[in-house]
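Trainee: Would you mind keeping the following structure in view while I ask a few things?
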Amino acid sequence: MESIRRLIETDHTVTYDFRGRYPDDSRYYNMGVFLQDEIEIADRWIILPGIRYSLFRSEFTLKDTSDTNFSDVEDTYTSVTGSLGFVYHVSTPLTLRLNAAQAFRAPNLSDLTVLGESKGDIYIVPNPSLEPEKTYNIDLGFRYSTDSFQADGSTFYTRLYDMLDNVPATFNGYPTIERNGAVYTVKNKDNHGEGYIYGWELSASYRFYHGFSTYAGATYIRGRNTTADEPIGGIPPLFGNVGIRWSNPTMRLEGYVRWAKEQRQAFGRRSR
C-alpha cells in the first residue's frame with residue numbers, strides 16, 4: 001500500500017513530499033492468548049486468576065529526504081502479564097469485587113513511523129527504537145441489584161512506566177521545520193517518564209412503572225505525568241448522562257442527555 005502527501009502552498013503550487021505520513025507497505029501484526037479461571041474458594045468468595053501472552057510485530061522501511069538511504073526495521077514485542085480478582089457476595093443484592101492486574105502497550109505503527117504535523121506547532125518524526133509502556137492497576141467496585149433497582153460503582157488507580165511522550169528531536173539536523181509559512185518544533189515519541197491515572201464511575205437505573213425506567217451515570221478521571229509535572233493528555237473532564245426509557249417486548253423508546261463539565265486541565269501547571 002502506498003502513502004502519499006501533497007503540499008499545497010498559498011499560491012496553489014502543489015508538490016509531493018518525499019514520503020507520506022506512514023511508510024509504504026508497512027505491516028503490523030498482533031496476537032494474544034488469554035486464560036482465566038473462576039474458583040470458588042469459600043462460601044460467597046470467588047477468585048479469578050488470569051494470565052495473558054501477547055505478541056506484536058512491526059515491519060517497515062524508513063527512507064530519508066535524499067530518497068536514497070533506506071533502513072529496514074523489524075521489531076517484535078512480547079509479554080506475559082497476569083491478573084487476580086476477588087468477588088465477595090455480601091448478600092443477595094450486594095456484590096463487592098477487587099482486581100489487580102499488570103499490562104503493557106506495545107508501540108503501534110503511528111508511534112514508530114509517523115511523519116508530519118501534529119497537535120499545535122509540533123512536527124513528529126519517526127523513532128523506531130521505542131519500547132512498550134507498562135502499567136499496574138488496581139480497582140475496587142460494587143454492584144447492588146434488585147428487581148427494580150440496580151447500581152454499579154468502581155474506583156481505580158493505575159501506575160504507568162516507560163510512558164510514550166513527545167520529546168525534542170531534529171529533522172535533517174534542525175530542531176524546527178517550516179511548512180506552508182508556519183514554523184514547527186520537531187519532536188518524536190520516546191519512552192520518557194512515569195505517571196498515574198485514577199478515577200471513579202457510578203451508574204444507576206430504576207424501573208418505576210410498567211415498562212418505564214430512568215437511569216443516570218457519571219465518570220471522573222484524572223492523570224498526571226509525574227516526570228514532566230503536567231496532566232496526561234487525552235483525559236476528559238467529569239462527564240455523564242441521564243435518561244428515561246420505555247420498553248415492551250417489541251419496542252423501545254428512549255430520551256437522554258449527555259453532559260460534561262468544562263476542561264480545566266492545563267499543561268505545564270499542577271492540576272487540582
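Trainee: Using 1/(1 + (r/R0)^6) with R0 = 45 angstrom and r between the beta carbons of Phe149 and Gln263, what's the FRET efficiency to the nearest 0.05?
Mentor: Working: r = 33 Å, r/R0 = 0.73.
Rounded to the nearest 0.05, the efficiency is 0.85.
Trainee: Give Lys134/Lys187; Lys63/Lys187; Lys187/Lys261; Lys63/Lys119 a once-over and call out the pairs whose C-alpha atoms are over 28 Å from each other.
Mentor: Distance filter (> 28 Å) returns Lys187/Lys261.
Trainee: Got a sec to turn the phi values of region 84-100 into Karplus ³J(HN,Hα) couplings, 6.51 cos²θ - 1.76 cosθ + 1.60 with θ = phi - 60°, whole Hz, x for Gly and Pro?
Mentor: 8, x, 10, 10, 10, 8, 5, 7, 4, x, 10, 10, 10, 9, 9, 9, 10
Trainee: Still on this structure, I have one more. Quick one: dipole size for the chain, taken about the Cα centre, charges +1 on Lys/Arg Cβ and -1 on Asp/Glu Cβ, in debye to the nearest 20. Walk me through the numbers before you get to the answer.
Mentor: On the way: 29 positive and 34 negative charges, 248 e Å.
Around 1200 debye, computed over the chain.
Trainee: Another question, then. Expressed in nm to one decimal, what extension gain is obtained for the pair Leu238 and Ile221 from 0.36 nm per residue of sequence separation less their Cα-Cα distance?
Mentor: 5.4 nm
Trainee: Which whole-angstrom value gives the distance between the alpha carbon centres of region 92-109 and region 114-152?
Mentor: With region 92-109 and region 114-152 each reduced to a Cα centre, they are spaced 12 Å.
Trainee: Give a quick list of trypsin sites (Lys or Arg not before Pro) in region 99-138 that DSSP marks as loop, anything other than H, G, I, E or B, with at most 13 other Cβ atoms within 10 Å.
Mentor: Numbers: sites: Arg105, Lys119, Lys134; in loops: Lys119.
Answer by residue number: Lys119.
Trainee: Percent relative contact order of region 113-272, based on C-alpha pairs within less than 8 angstrom and at least six residues apart? All intermediate terms of the calculation are to be shown ahead of the outcome.
Mentor: Numbers: 360 pairs, mean separation 27.2, N = 160.
Relative contact order, region 113-272: 17 percent.
Trainee: Which FRET efficiency value, to the nearest 0.05, is calculated for Arg27 and Lys63 with the Förster distance at 22 angstrom and r the Cβ-Cβ distance?
Mentor: Numbers: r = 16 Å, r/R0 = 0.74.
That pair, Arg27 with Lys63, gives E of 0.85.
Trainee: Let me ask something else about it. Quickly rank 250-257, 21-28, 203-210 as a protection proxy: mean count of other C-beta atoms within 10 Å, highest first.
Mentor: Highest-to-lowest ranking by the protection proxy: 21-28, 203-210, 250-257.
Trainee: Measuring from label point to label point, each 7 Å out along Cα→Cβ, what is the Glu38 to Phe86 span in nm?
Mentor: 1.9 nm
Trainee: Continuing with this model, one more query. Loop only per DSSP, at most 10 neighbouring Cβ atoms within 10 Å: give me the chymotrypsin sites (Phe, Trp or Tyr not before Pro) in region 105-163, ordered by residue number.
Mentor: Values: sites: Tyr123, Tyr136, Phe142, Tyr144, Phe149, Phe156, Tyr157, Tyr161; in loops: none.
Answer by residue number: there is no such site.
Trainee: When the chain is fully extended, how far beyond the present Cα-Cα distance does Tyr198 get from Ser118, taking 0.36 nm per residue of separation?
Mentor: Separation in residues times 0.36 nm, less the Cα-Cα distance, equals 26.1 nm.
Trainee: Give the carbon-plus-sulfur fraction of the accessible surface of the chain in %, rounded to a whole number; probe 1.4 Å, heavy atoms of protein chains only.
Mentor: Within the chain, the accessible surface is 54 percent carbon and sulfur.
Trainee: In Å², and per residue, what accessible area does region 11-104 have when probed at 1.4 Å with the other protein chains present? Don't jump to the answer; show the numbers that get you there.
Mentor: Values: 6140 Å² over 94 residues.
I get 65 Å² per residue for region 11-104.
Trainee: Under 14 Å between alpha carbons, and skipping anything fewer than 8 positions from Lys189 in its own chain: which aspartates and glutamates qualify?
Mentor: Answer for Lys189, where 14 Å is the Cα cut-off: Asp111, Glu117, Glu131, Glu133, Asp162, Asp165, listed by chain and number.
Trainee: Running a GNM on the chain with Cα contacts under 10 Å, which residue among Asn172, Asn30, Asn127 ends up with the highest mean-square fluctuation?
Mentor: Checking each option, the largest mean-square fluctuation is seen for Asn172.
Trainee: Which residue, Thr13, Thr78, Thr227, has the most motion in a Gaussian network model of the chain that connects Cα atoms within less than 10 Å?
Mentor: Thr13
Trainee: Moving on to the next point. Using 7 Å Cα-to-Cβ label points, what is the Phe156/Asp11 separation (nm, one decimal)?
Mentor: Using points 7 Å along Cα→Cβ, the separation is 5.4 nm.
Trainee: Only Cα pairs under 8 Å and at least 6 apart count here; give the relative contact order of the chain as a rounded whole percent.
Mentor: 10 percent
Trainee: Separate question: Defining a contact as two alpha carbons under 8 Å apart and six or more residues distant in sequence, what relative contact order in percent does region 87-137 show?
Mentor: Numbers: 59 pairs, mean separation 18.8, N = 51.
The value is 37 percent.
Trainee: Taking a probe of 1.4 angstrom, what is the accessible area of Ile232 in Å², to the nearest 10?
Mentor: 30 Å²
Trainee: Report the residue, chosen from Thr76, Thr135, Thr219, that carries the largest GNM mean-square fluctuation when the chain is represented by alpha-carbon nodes joined by springs under 10 Å.
Mentor: Largest GNM mean-square fluctuation: Thr76.
Trainee: Related question: Just to be sure I understand the model, the point goes 7 Å from the Cα along the line to the Cβ. What's the resulting Ser247 to Tyr136 distance in nm?
Mentor: In this crude label model, Ser247 to Tyr136 measures out at 4.1 nm.
The values are calculated or read from the model by the stated rules, or taken from the named source; none is laboratory data. Remember, it's a predicted structure, so these values are computed and weren't measured experimentally. We place every Cβ from the backbone using ideal geometry, glycine too, and count neighbours over all the protein chains shown. Keep in mind that these areas ignore ligands, DNA and RNA; they rest on the heavy atoms of the full protein, side chains included. Shrake-Rupley method; radii C 1.70, N 1.55, O 1.52, S 1.80 Å.
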